[in-house]
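Written below as structure tokens is the structure these notes are about.
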Amino acid sequence: MGQKRCFFLLAIFACLLSFSCGRSVLKLKSDDDRPVYNHTLAITLVEYASAVYESDLTKLFTWTCERCNGFTKDFEVIEIIFDVEHCLQAYVGVAEDLNAIIIAFRGTQEHSIQNWVSDLFWKQLDLNYPDMPDAMVHHGFYSAYHNTTVRPAVLDAIKRAKKVYGANINIIVTGHSMGGAMASFCGLDLVVNEGEENVQVMTFGQPRVGNAAFASYYSLLVPNTFRITHDRDMVPHLPPYYYHFPQKTYHHFPTEVWVKEFSFSNFVLFGLEKVCDNTGEDPTCSRSVRGTSISDHLRYFGVELMCESWRQCSIVMNQEMERYSRKDSKGNIFLSRNLAGMGCLRDSVLWRKKKGSLILCGRKRRIWDKRDVSSCWQFLLVLFHLHVVEVIMELLPLESLSVRLQMDQDRELSEVMGTFFLLFAVLKLKSDDGRPVYNHTLAITLVEYTSAVYMSDLSELFTWTCERCNGLTKGFEVIEIIVDVEHCLQAYVGVAKDLNAIIIAFRGTQEHSIQNWVSDLFWKQLDLNYPDMPDAMVHHGFYSAYHNTTVRPAVLDAVKRAKKSYGANLNIMVTGHSMGGAMASFCALDLVVNEEEENVQVMTFGQPRVGNAAFASYYNLLVPNTFRIIHDHDIVPHLPPYYHLFPQKTYHHFPTEVWVTELSVLNIVIRGVEKVCDNTGEDPTCSRSVMGSSISDHLTYFGVELMGETWRQCNIVMSHEMENYSRKDLKGNIFLSRTVPSTDIIKTKSISKTGISSL
């Protein structure tokens, strides 16, 4: 009897787990053009929403509080606003890893949350929202943002941030509970009154703020909005929604993301995130349950969203903050950071020589001229302030890293500056905690782009109407397709406006048999010194596939055309699978080193090793925003082999690996676990902990097929309509080019699949 009960419980557990795989489906499918929910961004912003509850303004301003860690590390606070009269708190700052200004609201801090929730039940629609016919809101929600000291201070901080960090920086607004209501009014204000375009709102446990008419206006003006609702959190159910009187009641705006938890014996097994419909009041989401829980309101994604005490509205601030703080006539407190003169020494990433001057940073360009000796001493003082001396003592033994600075004049000054830049390079390598954050949503998006590059029908690929050209990649604009006939290589370049990025995808070689290719991969030797990188060795085949074919010049030309039309600040994302992943890594390195691009990100799938440990060190230094996704027992990432007894003489992966392992029952995959590995590139607890023996794992990532229609030949299909866009070189290599921005209407035409070319 006990054995049967055990099997019964196991069956229930397996069924519950099976629901979790639906999570990715819910997030993947976007039938319309609505923004896609990003789980990684959600668990990052909930930490920002939690930090605004910090009562110690000193720790909050210096971002050293207990909650100021994890995904939010290195955040730069620009302004803290504490409204004493209404007990409101907010801050504005810059998260450079998100390339965004973050605005977080705490909302009102009542003496008792229970009393506040009770009062929330009776709030009436009593204010017409300005310039929006029929749009009604409650004056308390509206006034908390619009009629307090919060709004002018927030807007001023945004202007100061954009002046220093660039006008094109994104704006992300967040908040919890009443702070979520304030965040929504702030997001709307920025779009309507300040003319901002790149505004995103994500709130947690937010109450309803207006009627259906207001929700419609809001959804139209701030479409990139997600309201996270935790299980039975009672606050999103208030003020109540009376479905019998839809025109007279409060109404949520979209899009709700309902986090439903499944538990067993009071233990939470996992959470299911359901992206709800675009009505704002999806009856299958949080409205399908009774909102009865205050505890669900105070915790989202395991993060506490409350102050140390609900009993009083108090702050702590030491005397050191006096030089940053000011008070108005009502006693409201403002802590402001002066951005004028802020250099890029704190986050310098790369350097390069240009006409006798040195560019020290990426987005915030600050040029040091070699003739300016005083700025050199300022540079030295900043380095001393950053405790660089301690870092030197720890890192100088690293002989594999050398940075050579060549200048035509002032040899002594050149040596000094060369030492400085060496320090910055080493500091970048030692950044264990400052590494870029893995983004699952971006991964399941880029795997679709990677799958599409395997399409042999160039007409459908060019017009982005192929079977694989859908889902998260909808609306993508192809600029260039390259087919290298001689080497059977294929790549494309295009613009994904929803990602604000140029996408470069490589297919790599399409051998007659993948088994033969894998067998040949085992014996590839390190036989080429990578140019200008001492001791860095790669295999000439990997290197040549990108550098010595028609691919490189066509890709670089397409990138220049895209940036000329869509803006120089576009990000660049490079992706590829298998051999295409190797080409993607060489492409990204080329863009950074030779083309001086700054915002380059790489994400590959099932990529083989391409070079030795020295090459991996250089690569990690120059292209740190790189993730190599590896699926379970995929054989290719284990090749060419890594001989741990000869680490200096063997192939070595660069970081960062993300290992996707699958949990299955009776050969049915229930869910996948994604482990972000360490920064060595060869984490023994990740894919190296298992035998790489599976070709099937190599050909499927996140449920998406990564292969051509057949492995037997390298062929393409192209219709006659493509002749206007195509050209061939002397070797018969094919290029399909679009003038950008696109003015053609070929996507609306019916393409006839004629003219099969077997290469």
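Arrange the peptides 162-172, 470-480, 631-641 so that the one whose residues have, on average, the most other Cβ atoms within 10 Å appears first. Don't skip to the end; give the middle numbers.
Numbers: 162-172: 16.5, 470-480: 19.2, 631-641: 21.8.
Order by mean packing, descending: 631-641, 470-480, 162-172.
Counting other beta carbons within 10 Å of each Cβ, put S314, S694, S585, S719 in order, fewest first.
Details: S314 11, S694 16, S585 26, S719 20.
Listing S314, S694, S585, S719 from fewest to most nearby Cβ atoms yields S314, S694, S719, S585.
Hey, which of these cross-link pairs are over 18 Å Cα-Cα: K163/K560; K497/K560; K560/K728; K59/K159?
On the way: K163/K560 26 Å; K497/K560 16 Å; K560/K728 21 Å; K59/K159 24 Å.
Long pairs (Cα-Cα over 18 Å): K163/K560; K560/K728; K59/K159.
Label E662 and N594 with points 7 Å out from Cα along Cα→Cβ: what is the distance between them in nm?
Between E662 and N594, the simple spin-label model gives 3.8 nm.
Okay, which of the range 64-89 sit inside 13 Å, backbone N to the point 7 Å along the Cα-Cβ direction of E320?
It comes to 64-65, nothing else.
Multiplying the sequence separation of E467 and E486 by 0.36 nm and subtracting their Cα-Cα distance, what value in nm do you get?
The E467-E486 span can extend by a further 4.1 nm.
Sorting check: for 586-593, 620-627, 57-64, which peptide has the highest mean count of neighbouring beta carbons within 10 Å, and how do the rest follow?
Those peptides, ordered most packed to least, come out 586-593, 620-627, 57-64.
Tell me the label-point distance for the pair H644, N69, using the 7 Å Cα-to-Cβ offset, in nm and rounded to one decimal.
With each label point 7 Å from Cα toward Cβ, the separation is 3.0 nm.
In which sequence would S325, S693 go, from the one with the fewest C-beta neighbours within 10 Å to the one with the most?
S693, S325
Label E261 and S288 with points 7 Å out from Cα along Cα→Cβ: what is the distance between them in nm?
About 1.9 nm separates the two model spin labels.
Would you kindly state how much longer the chain becomes between D527 and A568 on full extension, computed as 0.36 nm times their sequence separation minus their alpha carbon distance, in nm to one decimal? List each step's numbers first, then the result.
On the way: separation 41, 0.36 × 41 = 14.76 nm, distance 3.69 nm.
Residue separation times 0.36 nm, minus the Cα-Cα distance, leaves 11.1 nm.
Based on the mean of other beta carbon atoms within 10 Å per residue, what is the order of 190-199, 132-141, 498-507, most packed first?
498-507, 132-141, 190-199
Only Cα pairs under 8 Å and at least 6 apart count here; give the relative contact order of the range 37-336 as a rounded whole percent.
Normalised by residue count, the contact order of the range 37-336 is 20 percent.
Please compute the contact order of the range 440-748 in relative form: average sequence separation of alpha-carbon pairs under 8 Å and at least six residues apart, divided by the residue count, as a percent. Spell out each step's value before the answer.
Working: 636 pairs, mean separation 64.0, N = 309.
It comes to 21 percent, rounded to a whole number.
Would you pull out the residues with amide H under 5 Å of M533's amide H, same chain only if 5 or more places away, H placed 1.01 Å from N?
Answer set, sorted by chain and number: none.
What full-extension length gain, to one decimal in nm, is calculated for K163 and K731 as 0.36 nm per residue of separation minus the Cα-Cα distance?
Length difference between fully extended and current span is 199.4 nm.
Where a number appears in this text, it was derived from the coordinates with a stated rule and is not lab data. Since the structure is predicted, the reported quantities are computational estimates derived from the model, not experimental observations. Counting neighbours? That spans all protein chains shown, and the Cβs are built from the backbone with ideal geometry, glycine included.
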